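Quick note: the coordinates plus some simple rules give every number you see, no bench work behind them. Note that this is a predicted model, so its numbers are computed, not measured. Methodologically, a virtual Cβ is constructed for each residue, glycine included, from the backbone with ideal geometry; neighbour enumeration extends over all protein chains shown.
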Amino acid sequence: MTKVFSIWRFVLMLGWAKSGTWWVTNEREQRTLYFSIHKVKEVGSDLSAFGVIILPLSITFGLAKKRP
């Protein structure tokens, strides 16, 4: 379950893993994330956000693009 909140250009995303942990799967491996601090960057842009995962809780915060 994930909820997104925004105030002006600030965006906060809160997520809760129903299974108790988050995992990443690709064609070579599967990783279970218990604790993580990471940076999310939009391709082709200088916008980025920071995220934290602590067991089932995921929090990501950053700035949204200005509307043209």
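Please specify each residue of segment 23-40 satisfying the condition of being over 11 Å from the mean Cα position of the chain (by Cα) and surrounded by 10 or more Cβ atoms within 10 Å (Cβ to Cβ).
W23, V24, R31, T32, L33, Y34
Go through segment 1-22 residue by residue and tally those that are surrounded by 10 or more Cβ atoms within 10 Å (Cβ to Cβ) and in a loop (DSSP other than H, G, I, E, B). Lay out the reasoning, then the answer.
Applying the first criterion (surrounded by 10 or more Cβ atoms within 10 Å (Cβ to Cβ)) to segment 1-22 yields 2, 4-6, 9-17, 20-22.
Applying the additional criterion that residues be in a loop (DSSP other than H, G, I, E, B) yields 9, 17, 20-21.
Looking only at that region, the number is 4.
Across segment 35-55, which residue is nearest to K65 (Cα to Cα) among those that are in a strand (DSSP E or B) and touching a Lys or Arg at 6+ places or on another chain (Cβ under 7 Å)? Break it down stepwise before answering.
First pass over segment 35-55, keeping only residues in a strand (DSSP E or B): 35-41, 48-54.
Still in the list and also touching a Lys or Arg at 6+ places or on another chain (Cβ under 7 Å): 48, 50.
Working: S48: 10, F50: 15 Å.
Out of the qualifying residues, it is S48.
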- Query: If only one of G51, G15, G20 is at positive phi and of a type outside the set (S, T, N, Q), which one is it?
  - Reply: G20
- Item | Residue satisfying all of: in segment 23-34; in a strand (DSSP E or B) and out of contact with any Lys or Arg (no Cβ under 9 Å at 6 or more places or on another chain); nearest to L55 (Cα to Cα) among these | L33
